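To start, the structure under review is shown below, and the notes come after it.
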Amino acid sequence: MVGLIALALQRAVFARHPIHDVKLQFVLALVAAAGVGGGAERGAVAGFALGLMYDLAGNTPLGLTALAYGLGGIVAGYLHAFTPDPQWWLAAIFATMGSAVGELCIPVANAITGESGWITGDILFAVPLVAVTSGLVCPLLLPTARWMTGSKRKKWKALSL
Amino acid sequence: MFSSLSRRRIVLLVVLTCLLLITLDKQGNPIIDRARRAFDILLSPADTATRAIVLPVERAWYGVSNYHDLERENAVLRDQIEHMKGSDIEARSAVLQYRELLKLDQLPSKWSYNVVTAEVVGASPGNYEQTVEIGVGSESGVEVGMPVTDGAGLIGRITRVYPSRSIVLLITDPTFAISARVLSTDDQVSTGDATTGATSTTVAPVPVVDPTVTDPLGPVAQATTTLPPVVRETGMLEGRGPRLTLVLRFTDNNSALTSLKVGAVVDTSGGTSSLAPQGIPIGIITAITRQSGNSTTLVEVRPNADLRRLNFVAVVLFKPNQQAIGG
């Protein structure tokens, strides 16, 4: 349900209002938030599921965006390898990295599968812009992403001696 | 679920599933097509609800923020319309003559096919694919492969069809290719004999019936005058991405260089293996460059249609053969 609403928002709002010809990726931001909030495994599954929905609704080959977003979710989820309860800015940094990987993987995967003309100079501008905006909105999307993936916020526990 | 599976296994499972799905979809799978249709039904209430909320807000915002710009644009467009009225009458007359000639020769053209008008309801959600979504689908007779035009010319072709919407691959997409021809008159031809060594070049003198001369024996015996020859070059037009011009490739580059000039008109060439009927305008040649180091000629074509401001389009109900769609 969250995925459907996110996809509808992407199509109705963000796809229609590009910034300097770059369409911000709300669904990818949600995937990155899911990774940051729930770890690499939950990020991968959320990325796969939301990417699959993206592919089903669009013109991309089924599985391509799922693969890219899945990898993005994994990268964002690696935050949990460092700390279970990250600061908001650390979450934003990992979400930015995850989004960058997710956005970059789409043309790369397309090129690998034999489609020419996908890797252009536009990537140099589109990927950073998408990644930074995803990182910025990630702290806002974290509660929704946690609820979506069924993960709870982990806290540091004092060692009892 | 997450505790029972290790991280590596989940990652591997996701990657392998994706690769399997990509392979299946690339080869064309009816189950995936059915899944897409089913998902379209599932998504459509969320889509409709979101648009119902977003569109009034968006329109109100535009009304407030762009009012003066719209007024100015309106005035400029009215001025343009006045200028175009004159040339429109002339063009209509030429088109009518052309249609008559096609009818006489029993040649198929874009006027032989019905069209379905559609509104552009959405753009591609991603940054890389060049597509738009239109509000007509299989219920209106739309099929995969059909060409789509707007008032200015060809904008793309249908790649996916759902019951009430379709996805149009724009001509600027790198995966788009269509056979096209260049029409230029003698005064546009730069140098050389266009017929020499050119496999794809034809030079045809165009007889024009003089309407001032009346002959009781009929049109055959009417006096004719010969206009400068029209040069037709046929090649393959390909997209290169957003904001970039289209590129026209020829089987014989030498013929292209000798017989083409910047400003020549490019339209669809038609034919049994083409994606579109003959005569749909595409654009004009903006540059012809010979690349250093090899004999390749790069012919750049600027599309007539403004692909960033599409509102209403027309789907030409022309069914290309399966080989053309696959290619």
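The values are calculated or read from the model by the stated rules, or taken from the named source; none is laboratory data. Everything numeric here is computed off the predicted structure, so don't read it as measured data. Cβ: placed from backbone, ideal geometry, glycine included. Neighbour counts: every protein chain shown. Just so you know, the surface numbers come from the protein's heavy atoms only, side chains and all, with ligands and any DNA or RNA stripped out. Shrake-Rupley method; radii C 1.70, N 1.55, O 1.52, S 1.80 Å.
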Solvent-accessible area of A:Ile112, probe 1.4 Å, all protein chains present, reported in Å² to the nearest ten, please.
130 Å²
Among A:Ala57, A:Ala100, A:Ala40, residue whose mean-square fluctuation peaks in a GNM of chain A (springs only between Cα atoms under 10 Å)
A:Ala57
Calculate, for B:Leu298 and B:Leu183, the FRET efficiency according to 1/(1 + (r/R0)^6) with r their C-beta to C-beta distance and R0 25 Å; round to the nearest 0.05.
0.80
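For the stretch A:23-147, give the percent of accessible area contributed by carbon and sulfur heavy atoms, probe 1.4 Å, rounded to a whole number.
Here carbon and sulfur together make up 75 percent of the probe-accessible area.
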How much solvent-accessible surface does B:Thr175 expose, in Å² to the nearest 10, with a 1.4 Å probe and all protein chains in place?
50 Å²
So what does log10 I(q)/I(0) come out to for the stretch A:23-147 at q = 0.21, 0.22, 0.23 Å⁻¹, using the Debye formula with one equal point on every Cα and no solvent?
-1.06, -1.14, -1.23
Going by accessible area, probe 1.4 Å, with all protein chains left in place, what is the ranking of A:Cys105, A:Cys138, largest first?
A:Cys105, A:Cys138
How far apart, in nanometres, would the label points at B:Gln27 and B:Leu12 be if each is projected 7 angstrom from Cα along the Cα-to-Cβ direction?
2.3 nm
Taking chain A as a Gaussian network, Cα atoms linked when under 10 Å apart, which of A:Thr83, A:Thr133, A:Thr120 shows the biggest mean-square fluctuation?
A:Thr120
Using the heavy atoms of the protein chains alone and a 1.4 angstrom probe, what is the accessible area of the stretch B:47-98 per residue in square angstrom?
85 Å²
Expected max-MSF residue from A:Ala111, A:Ala33, A:Ala66 in the GNM of chain A (alpha carbon, under 10 Å) is A:Ala111
Rounded if a/c is under 1.5, else prolate if a/b beats b/c, else oblate: with a ≥ b ≥ c from the C-alpha gyration tensor eigenvalues square-rooted, which is the stretch A:110-150?
oblate
Estimate the FRET efficiency between B:Met84 and B:Trp61 by the formula 1/(1 + (r/R0)^6), using the beta-carbon distance for r and 30 Å for R0, to the nearest 0.05.
0.40
Just to confirm, what accessible area per residue do you get for the stretch A:23-147 at 1.4 Å probe, in whole Å²?
34 Å²
Residue order for B:Tyr98, B:Tyr67 - accessible surface, 1.4 angstrom probe, largest first
B:Tyr67, B:Tyr98
With a 1.4 Å probe on protein heavy atoms only, tell me which residues of the stretch A:53-96 lose at least 50 Å² of accessible surface in the complex relative to the chain by itself.
A:Leu56, A:Asn59, A:Leu62, A:Leu67
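Sorted by accessible area (1.4 Å probe), largest first, how do A:Trp147, A:Trp89 line up?
Working: A:Trp147 185, A:Trp89 125 Å².
In descending accessible area the options line up as A:Trp147, A:Trp89.
I'd like the interface area for chains A and B: accessible area of each alone minus the complex, both sides summed, 1.4 Å probe, protein heavy atoms only. What is it in Å² to the nearest 100?
Roughly 4600 Å² of accessible surface disappears when A and B pair.
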Per-residue accessible area for A:Ile106 at 1.4 Å probe radius, Å² rounded to 10?
10 Å²
In whole angstrom, how far apart do the alpha carbon centroids of the stretch B:141-164 and the stretch A:19-82 sit?
30 Å
